[in-house]
1. Just checking, does region B:187-199 include any residue being within 14 Å of chain A (Cβ to nearest Cβ), without any contact (Cβ under 8 Å) to a residue 24 or more places away in the chain and either among the aliphatic types (A, V, I, L, M) or open to solvent by 40 Å² or more (accessible area, probe 1.4 Å) (or both)?
2. Could you say whether any residue in region B:164-172 is basic (Lys, Arg), assigned to a helix (DSSP H, G or I), within 14 Å of chain A (Cβ to nearest Cβ) and over 21 Å from the mean Cα position of the chain (by Cα)?
3. Go through (1) surrounded by 14 or more Cβ atoms within 10 Å (Cβ to Cβ); (2) touching a strand residue (DSSP E or B) at 6+ places or on another chain (Cβ under 7 Å); (3) modelled with pLDDT under 90 one by one and return the number of the condition residue B:157 breaks.
4. Looking at region A:174-217 only, could you name the residues that are of a type in the set (A, V, I, L, M), in contact with a Lys or Arg (Cβ under 9 Å, 6 or more places away or on another chain) and closer than 28 Å to residue A:359 by Cα?
5. Which of the numbered conditions does residue B:70 fail, given that it passes all the others? Conditions: (1) modelled with pLDDT of 90 or more; (2) of a type outside the set (Lys, Arg); (3) open to solvent by less than 50 Å² (accessible area, probe 1.4 Å).
6. Select from region A:193-209 the residues that are surrounded by fewer than 12 Cβ atoms within 10 Å (Cβ to Cβ) and in contact (Cβ under 8 Å) with a residue 24 or more places away in the chain and write down the one among them that is farthest from the other protein chains (Cβ to nearest Cβ).
7. Being at pLDDT below 90 and under 20 Å from residue B:283 (Cα atoms): is that true of residue B:94 here?
8. Determine whether residue A:55 is in a strand (DSSP E or B), crowded, with 16+ Cβ neighbours inside 10 Å and modelled with pLDDT under 95.
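The values are calculated or read from the model by the stated rules, or taken from the named source; none is laboratory data. Owing to the predicted nature of the structure, the values given are computational and were not obtained by experimental measurement. Cβ sites come from the backbone with ideal geometry, for glycine too, and all protein chains shown count toward neighbours. Just the protein is used for accessible areas: all its heavy atoms, side chains included, with ligands, DNA and RNA removed. Shrake-Rupley method; radii C 1.70, N 1.55, O 1.52, S 1.80 Å.
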Amino acid sequence: MSDSQQPPVLKASVHDLRYFSTLLRGVNFVNRATVTITQTGFVVVVEEARTLLATAYIFSEIFDEYTYNSDSTEQTVAHSQGSDGDESQKLEENAAFEISLNTLIECLNIFGTAGNNSTAKQGRFTQWKQDGGSDDEVDADEDDNARGKDRRRSTAKGIDQYFGGSGKGTGMRMSYPGSGYPLTLLIMEDSAGPTTTCELTTYEAEPHLELPFVAERTVLKIILKSSWLRDALSEIDSSCEKLTFIGNPPPDTAVNGRQRAPLRTSIAPLLRIQASGTFGSTEMEYPNDREVLESFECIQPVRFSYRVAHINRTLRALQSSSKTSLRIDDEGLLSLQFLMPAPRKPNKPDGSSDGFIEFRCLPLDDEVH
Amino acid sequence: MRFRASIENPQTFFRIIQAIEKLQKKCIIKFTEDVMYIICNSEANEGGIQVWSQIKIDSVFTSYRIQSNAANVITLALSSETLLAILRSAAVPSKSTSAYETEEIVMKLAKKNDQAVLSFEISGMTRQGRRVHVSHDVKIEVMKPADVANLKEPMCPEPDVHIILPPLQKLRTIVERLRPMSDFLAVRANNNGRLHLSIQTDGVAVDTEWKNCKNTTRAAGASQEPDPETNDPDQLFSVLVSTRSFFKFLNSHVVSTTTIACICQNHCMILYVYVGDLADAGGVLTFYIPGQILGD
């Protein structure tokens with residue numbers, strides 16, 4: 001109907017909706033989410049207590065088909081002839097709406113096939129680490145062992161998405177005619193099976209919390225394998241209320257350049273995680289080891305605390321992610337970015353479509369604690 | 001009044017009671033010479049759902065003996081929860097968790113301390129080869145023939161459509177997702193193999209459609225000429241039911257092989273859940289789910 005005058009703002013389809021659903025589930029701790037649709041994909045934002053902001057970046061590459069038409073007609077014209085250079089103007093013209101995230105995820109899982117099986121399978125595939133690597137996985141970075149392993153693991157998972165026990169995935173077709181219209185999902189398990197049509201009411205987007213992270217003000221920057229952080233966070237007792245990240249600058253990078261194990265015991269740990277509550281406290285230290293902390297930048301001693309309840313909101317995303325980047329700026333704003341490995345497509349290079357989820361969290365005021 | 005039977009097929013009996021127990025904590029069982037009727041007709045049920053089932057005696061029992069003054073019919077009311085617990089202990093023990101293997105289960109009517117009970121005697125064999133006897137009694141209330149005569153199946157008009165449902169397990173997954181979204185579920189079907197389950201609320205509208213379901217033309221073709229008005233096979237007939245009662249009906253997926261749904265437009269829904277093969281069904285559980293009329 002609307003095709004004749006104006007094409008829908010969004011038309012997208014995917015043959016297996018599990019990855020899309022995993023990304024959404026990573027930020028599903030507040031029901032109302034703001035979705036922004038752009039040429040390059042989706043941005044889903046939720047916030048809690050004016051303190052925690054979670055953003056999922058879902059790139060258009062994960063879809064088999066993705067057509068975005070800007071809301072206003074002039075913009076569409078500008079698009080078709082314009083180049084990619086005009087980035088800032090594009091961003092302003094993006095379609096944004098609010099939606100009930102929980103309902104969206106339930107709808108995607110209507111056949112019970114969007115379940116989060118990637119984490120359950122992870123353990124099974126760790127044994128593939130040694131022999132699972134294929135030629136295209138060879139990493140140029142020779143001492144970056146951990147990353148290579150991690151890539152391989154995600155490959156195993158990627159293959160599993162195609163040949164896995166649950167067979168063919170559930171396909172989805174999504175369309176959004178424009179502001180004021182519902183978001184329509186068409187979900188189908190296989191051609192013989194039933195089809196589900198969902199129409200989710202969209203609400204006008206309201207401005208949400210802004211927590212800009214300025215790269216220049218970064219005082220601590222760490223990249224590590226998600227499993228290292230996950231294991232640490234899972235140790236924390238549920239009675240703990242406060243979580244503190246403590247970072248110390250590496251002793252001397254020149255000395256520390258090549259040798260790691262012999263010096264490790266004598267120097268202060270680079271990263272320490274402290275959790276405290278009414279019944280006591282837990283402390284975890286990360287050694288200065290490239291196996292553990294893939295990269296570590298710290299210019300001054302850092303110590304900031306956060307609410308455990310907020311940090312725990314990241315667990316779902318952390319669990320399905322492969323790598324984590326942890327940054328803290330000089331005022332204690334924490335940024336956690338989780339790389340979510342996408343199922344690989346045969347015709348696309350690895351990693352090009354990997355989505356990620358970012359959490360930004362304000363620190364606890366130390367005096368008040 | 002005499003009654004004694006051995007349970008040949010405890011697994012089936014267990015599954016039937018499993019489906020019943022989810023619905024109502026107390027049920028009525030009427031034993032006749034060749035059929036066992038299990039009835040849940042409490043007014044207090046969620047959304048007014050009722051079950052009237054008929055199970056062939058042969059499909060569950062052997063050496064079945066029944067005698068009573070009321071034309072060899074015995075009707076009793078008992079706790080379905082307790083009955084389920086007993087059958088679980090009798091039916092499951094082939095698994096490794098149990099200490100013994102069931103060989104025989106005898107069910108009989110007895111009187112202990114002036115209380116009528118249905119007594120289950122399970123005899124089995126431990127791994128070490130010792131004999132074990134386990135006995136369970138469930139308190140019952142024998143119903144008077146006058147009360148039994150008052151039990152009436154709900155009256156329904158001739159259904160507008162009969163359709164064979166897709167596997168209940170699959171329906172259950174879907175309804176499980178819909179349940180938190182809406183209290184009411186619209187079921188629509190036509191005589192051309194189409195079935196819809198849908199909900200509609202302010203926030204979301206979800207509609208799941210099956211094509212190529214089979215229609216059963218039980219009465220329509222043979223007995224009467226089809227009404228010209230309802231002749232169009234594509235016309236959808238719909239009924240609005242309580243999502244929770246429909247979900248409770250779906251608990252019968254443990255026992256079902258084939259399920260036929262009948263819709264009386266805007267009135268009610270009748271579901272026949274066949275136990276065992278359709279051709280050689282050991283019994284049928286009939287669920288009545290009344291339609292809901294929303295006031296607007």
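1. Going residue by residue through region B:187-199, those that are within 14 Å of chain A (Cβ to nearest Cβ) are B:187-189, B:193-199.
With the extra rule that they be without any contact (Cβ under 8 Å) to a residue 24 or more places away in the chain, the set shrinks to B:198.
Now drop any that are not either among the aliphatic types (A, V, I, L, M) or open to solvent by 40 Å² or more (accessible area, probe 1.4 Å) (or both), which leaves none.
Checked region B:187-199: no residue is within 14 Å of chain A (Cβ to nearest Cβ), without any contact (Cβ under 8 Å) to a residue 24 or more places away in the chain and either among the aliphatic types (A, V, I, L, M) or open to solvent by 40 Å² or more (accessible area, probe 1.4 Å) (or both).
2. Going through region B:164-172, the residues basic (Lys, Arg) turn out to be B:170, B:172.
Narrowing further to those that are assigned to a helix (DSSP H, G or I): B:170, B:172.
If we keep only those that are within 14 Å of chain A (Cβ to nearest Cβ) as well, we get B:170, B:172.
Retained after the next criterion (residues that are over 21 Å from the mean Cα position of the chain (by Cα)): none.
No, region B:164-172 contains no residue that is basic (Lys, Arg), assigned to a helix (DSSP H, G or I), within 14 Å of chain A (Cβ to nearest Cβ) and over 21 Å from the mean Cα position of the chain (by Cα).
3. (1)
4. A:174, A:185, A:209, A:211, A:215
5. (1)
6. Our first condition is that a residue be surrounded by fewer than 12 Cβ atoms within 10 Å (Cβ to Cβ); within region A:193-209, this holds for A:204, A:206-207.
In the following step, the residues that additionally are in contact (Cβ under 8 Å) with a residue 24 or more places away in the chain were identified as A:204, A:206.
Values: A:204: 14, A:206: 16 Å.
So, considering only residues that are surrounded by fewer than 12 Cβ atoms within 10 Å (Cβ to Cβ) and in contact (Cβ under 8 Å) with a residue 24 or more places away in the chain, the one farthest from the other protein chains (Cβ to nearest Cβ) is A:206.
7. On the way: at pLDDT below 90: yes; under 20 Å from residue B:283 (Cα atoms): no.
In short, no.
8. Details: in a strand (DSSP E or B): yes; crowded, with 16+ Cβ neighbours inside 10 Å: yes; modelled with pLDDT under 95: no.
No; evaluated as a whole, the condition is false for this residue.
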